[in-house]
Amino acid sequence: MTFADLGLPPDIVRAVTEKGYTTPTPIQTQAIPVLLEGRDVVGSAQTGTGKTAAFALPALARLGAHKSGGPRILVLEPTRELAAQVDEQFRAYGRHGNCRVALLHGGVGYGPQLDALHDGADVVVATPGRLLDHLEQRNVHFKNLEIVVLDEVDRMLDLGFIDDVTRILNQCPRNRQTLLFSATVADAIKRLISGYMRDPVDVNIGLRVSPADTVDHAVFPVDGIQKYDLLLAMFQQMEYHSVLVFTRTKRDADRIAEWLDAHNHPVTVMHADRSQKERTEALAGFKSGKFDILVATDIAARGLDIAGISHVINYNVPHHPEDYVHRIGRTGRATREGEAFTLFSSDESTYLGQIEKLIGRPIERRKLEGFPYRTEPNLLTSAAPAAPKRRNRGFASANQPFRRR
């Protein structure tokens, strides 16, 4: 199967080939032919499966060479970083069709966005809040809109954007194609589907419910008051080249970054309270290697395209078990091996149990030798179903918590 076999026009196939892709992923294979027929689609697939191309390529194909006043494609994203990444992909895939794209999100001035809209953008990629600002100021209209894409809808729900999304949809033509992508489908999302979509086709690739074999992951029990110290000790013992540290709160992200910086670790931080310029510089610095460590809240780091991460550290146990698999999947990609560690205090037992239930196996507990624990860590795992035996890949044990490279 090739991209041409899916029915995409030559100019788009050419752009995909120039990006280095030759074989469609499963969600692309299933979604693209249906979208080219003009059907509404509810898609489910995790990050890294080619989801953006699955909706961008057929949308651009339907756009064709025909131009009209005002945008014909609207893509809504929950965060600025995701919107920027989708904007880049639309520009790359539409380069041979002279596709014009407007990127609308907060944290930056209105001038360049107004210029892009006035130049006749064919595609608008936006976050809900900034798009509503432009709609209220009559900077953009949707009279000729043909396709609406709601991406990462579960995160829009988490961020409280569902009311904004419905306000936007109410201003879109009823006779449109609507595409919705979400890892989970909560009741609020079901109401969107029933009220704003027409007989949608389900394209469900599914969320990976077990970590990849290329990821060595473990839990480090520790008193909550010692998490900062254990994290620093881990960095002193690990052999790493790029680490993504997840925190639950913006305050923790700032504190951890300040602590690591004070101990001469090249670190940067990303969360919603930072300006767009700061967030862009942080991401660019991490990708370039200027910073070895990126500390981020889960919302800020959702869906970011960052290659070559050697380690993921969860400073807190994720509250949603699917987020655990999503987070640690940031390392160990493209056949490379990676390591993912979670700092676990006793008050997080419920969340850890939910993760082990989801993946169907206990997660190994480890102890960092030489660390002055206030309380001896309990290395006994919960009574989750036993994991099937697998070939020894040289992963670390409780007495050797990190794999040597």
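Listed by position, the strands (runs of 3 or more DSSP E) enclosed by region 67-141 include none that has at least 1 residues that are assigned by TED's automatic domain parsing to the domain that holds VAL153, loosely packed, with under 15 Cβ neighbours inside 10 Å and modelled with pLDDT of 95 or more. From the list ASP252, ASP273, the lone residue that is modelled with pLDDT of 90 or more and of a type outside the set (A, V, I, L, M, F, W, C) is ASP252.
Among residues belonging to region 160-175 that are in contact (Cβ under 8 Å) with a residue 40 or more places away in the chain and surrounded by 18 or more Cβ atoms within 10 Å (Cβ to Cβ), point out the one that is farthest from LEU117 (Cα to Cα). Filtering region 160-175 for residues that are in contact (Cβ under 8 Å) with a residue 40 or more places away in the chain and surrounded by 18 or more Cβ atoms within 10 Å (Cβ to Cβ), the one farthest from LEU117 (Cα to Cα) comes out as PHE161. For LEU232, the criteria (1) closer than 30 Å to GLY360 by Cβ; (2) at pLDDT 90 or above; (3) not in a strand (DSSP E or B) hold in every case but one, which is (1).
Of all residue pairs spaced 6 or more apart or on separate chains, those with beta-carbon atoms under 9 Å, a first member in region 135-159 that is more than 26 Å from SER44 (Cβ to Cβ) and a second member that is among the aromatic types (Phe, Trp, Tyr) and in a loop (DSSP other than H, G, I, E, B) are LEU135/PHE142; GLN137/TYR110; ASN139/TYR110. Of everything in region 24-59, what is outside any helix (DSSP H, G or I) and buried (at least 22 other Cβ atoms within 10 Å of the Cβ)? Give them in sequence order. Of everything in region 24-59, those that are outside any helix (DSSP H, G or I) and buried (at least 22 other Cβ atoms within 10 Å of the Cβ) turn out to be PRO24, VAL41, VAL42, GLY43, ALA45. When LYS287, LYS250 are checked against the criterion of being without any contact (Cβ under 8 Å) to a residue 24 or more places away in the chain and surrounded by 13 or more Cβ atoms within 10 Å (Cβ to Cβ), a single residue qualifies: LYS287.
The values are calculated or read from the model by the stated rules, or taken from the named source; none is laboratory data. Being a predicted model, the structure only gives us computed values, none of them experimental. Methodologically, a virtual Cβ is constructed for each residue, glycine included, from the backbone with ideal geometry; neighbour enumeration extends over all protein chains shown.
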